Amino acid sequence: MAGGRPSHAFQFTPFYPLVIAAQFLPLWLIYAGMKIALMLTAGYGMLRFLRDYLGFKPDLALLGGVIFALNTQTQVAQIVHVVFNFAFPLVFVWSLGIAGTRRYSWIAATFGLLLFSLLSYPALTGPIYAGTQLLLIVFLNPVYGKSKGRLLAKWALFWLGYALMFLPLAYALLDVSGESQRTFFPRSQSPLFYLNVLGKELLATSLLVFLIGGSLVLAYHSSVVRRALLLNAIPILVTAFFYSSAADMIRQTFLGKIELHLFFYVQNFLLTVLAFIGLRFVLSRKDLWPLYLLGGGVALVAMSTYLYGSSTYKTLLFLNVLVPLGIYLYLRRASLLGSPDSDSRRSWPLMTAFVLVLLGIRMSIFHEGQENVPYKRYFGNNPTLSEALVRKDVGRVVTLGFHPSLAHNLGAESADAYSPLFSARYRAVWRVLVSNQLKDEEARRRFDWYWYEVNPLNGQTSRDFTHRLYNLKDCPRVFEKSLEWHTPLLLASNVKVVVSLRPVRELETISERVLSTDCLERSEGAITFNRFRRFWMPAPLWVYVLKDTFGRGYLVDRAEVLDSDEAVLEALGRRTVAEFRSSVLLSAQDKNVGREEPALGGTGGEKRLRLKEYSPDRLVFEVETLGAAYLVVNNTYSRHWTARVEGRPVPVLRANHAFQAVRIDSGRQQVVLQYEDRILWLCYTAVPLGIGLVVVAARRLKGEDDLS
């Protein structure tokens, strides 16, 4: 991914469990399995949190678990990659030693903590969820106030262990943060921006509008409700700060690049806690029911007014009235179970079924992201793409209209870099490549602002590839417009395949072959077998295997040294394929240029090159030339890359602004490029210690009473 970043400079580890699983299982199966497993984890974890930490009765805790499990599917960030959005309640109790009363419960808790940790994204999980757990211990610890010191010690043990487990990754990210392309950040927003997000993205799509509205009016009567409100205010303030101009002072620091504006991830959990703390309180105070119902009603009216005009949200709000009503009736019945003059014991299954049916309807009507599209259809193992990439040397892929994970699963590297971490120089080269698409200020601003990718489709063209293609009735039409790419630079950047959800006329002329899954013939009238099959077949793809492409490494006769990086970028936009094949551009700002041997050397003659070994951290080439030449490698330049020619160290030059080059002499030689950082490997010695601290945090030590 990401233009050749080393294996450790990423948001997850090289031993990320899902990547390992993807070597044996299809992506759609992994995704579906993770969705189900994390949803169950969320529900069970919330039950444990409410029951064992906050002291809720089991029936109310179980209901809170069901609601939270379903809400994990409608929150803003419900993708499987942010595991702690689902697992945090369970991690909370396990990491504090609240593993259960059985003798060996801590063993299962330890394995669970290690698994969730390995599945997490440390750069997000550490600062966001460690901070949230600390706040909960300090501000919302009504049952175990005397145990606060012990809880804080457990908290420190777990998160220190977590940090040590990911020390190699943390070091690598910190080391490359200065070279990261994240020089642009979220625009400054008004103070009410996040409140708008909170309303539209969290409250409107959750099952909690009524319950939260009712809880808000109880703050005067309950200190616990007030503390829960304070906790919900903190993510709002943190997110608002990082979206404001006040955060400009830290934009270019590592702290400014780890996305603390995503602190709102915890809001779904905290809102659920607030809702059920309020509900528990009003169940114990019969005199406050009118006030509670009034607050819930006002919240529903306010949300209806806020979202007026959207048919989807009108349906949503209608269900948000029915669902809390069903919950209230259920809990009212449950609260009377112990009453000797009540005959409600026989009616609770009916109430439970009623609530679950409402929740099911609510979930089926509202879809978040692409959940209404069969995952296998767009992210399954497509045979056409497999055929295009078989027996191909290492090359990059550009994807038009969908996420490149489909190509990643087949071992391809995406040139359009769906990654929050890639080189600023790589972005600058790509900006030259798509400069014809950036003709107005707004297009340039959007390209520079968005930090997760370098987009091959900027402006109006992106809609033509993404909007209509989820219609299963029609085959996508041919894209007639020009992509306006600088084709020589695209080919020189080792792009060998373009995969599109729509046929592209322009790409046919620069391709040596075109593969396609085609479309089923359209059938009119009644439902036919062919129309039914559309739901199960892979999405139609057009795969363009480009001609005259450059390899991951290639040989040129000479180098041209220009005065500055800006001059190199300007020259890249004018180069032809022939010029790329004859020479490489170097910048005088590169400290290695001119060291040892003059960078302007090089003579013509026959040249042979074979890529013998390729990995994220090591490349081996076999080179044979009749004269001196330059080996240009299309991987991102970094100060940690080293080069050896027949075992002799040589400097790595920064080629074509973002990539690598090595000067070699005539003859047959082996060139080895390797990413070497001794500090990185020393960091691995801390990993076993980190695992040990996690075990200590989860285990209930001798002489300690289990908190649960």
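Laid out as a table, the results:
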| read-out | value |
| --- | --- |
| Per-region count, segment 578-615, residues over 14 Å from residue 555 (Cβ atoms), part of a loop (DSSP other than H, G, I, E, B), at pLDDT 65 or above and open to solvent by 70 Å² or more (accessible area, probe 1.4 Å) | 2 |
| Check on residue 661, crowded, with 21+ Cβ neighbours inside 10 Å, closer than 24 Å to residue 551 by Cβ and not β-branched (Val, Ile, Thr) | yes |
| Residue in segment 12-22 that is part of a helix (DSSP H, G or I), under 17 Å from the mean Cα position of the chain (by Cα), under 20 Å from residue 90 (Cα atoms) and touching a residue at least 60 places away in the same chain (Cβ under 8 Å) present | yes |
| Selected residue [touching a Leu at 6+ places or on another chain (Cβ under 8 Å), open to solvent by 30 Å² or more (accessible area, probe 1.4 Å) and not hydroxyl-bearing (Ser, Thr, Tyr)] from 40, 25, 96, 62 | 62 |
| Conditions (1) at pLDDT 80 or above; (2) outside any helix (DSSP H, G or I); (3) in contact with a helix residue (DSSP H, G or I) (Cβ under 6 Å, 6 or more places away or on another chain): number failed by residue 80 | (1) |
| Members of segment 554-569 that are farther than 24 Å from residue 624 by Cα and not in a helix (DSSP H, G or I) | 561, 562, 563, 564 |
| The one condition in (1) touching an Asp or Glu at 6+ places or on another chain (Cβ under 6 Å); (2) open to solvent by 60 Å² or more (accessible area, probe 1.4 Å) that residue 675 fails to fulfil | (2) |
| Of the criteria (1) open to solvent by 10 Å² or more (accessible area, probe 1.4 Å); (2) in contact with a helix residue (DSSP H, G or I) (Cβ under 7 Å, 6 or more places away or on another chain); (3) among the aliphatic types (A, V, I, L, M); (4) modelled with pLDDT of 80 or more, which one residue 46 fails | (1) |
| Subset of segment 401-422 that is at pLDDT 80 or above and not in a loop (DSSP other than H, G, I, E, B) - its residue that is surrounded by the most Cβ atoms within 10 Å (Cβ to Cβ) | 414 |
| Matching entry among 225, 217 (being hydrophobic (A, V, I, L, M, F, W, C), touching a Ser or Thr at 6+ places or on another chain (Cβ under 7 Å), closer than 23 Å to residue 269 by Cα and modelled with pLDDT of 85 or more) | 225 |
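The values are calculated or read from the model by the stated rules, or taken from the named source; none is laboratory data. Nothing here was measured: the structure is a model prediction, and the numbers come from that model. Positions of Cβ are generated from backbone atoms using ideal geometry, with glycine treated the same way; all protein chains shown enter the neighbour counts. Accessible surface areas use protein heavy atoms only, side chains included; no ligands, DNA or RNA. Shrake-Rupley method; radii C 1.70, N 1.55, O 1.52, S 1.80 Å.
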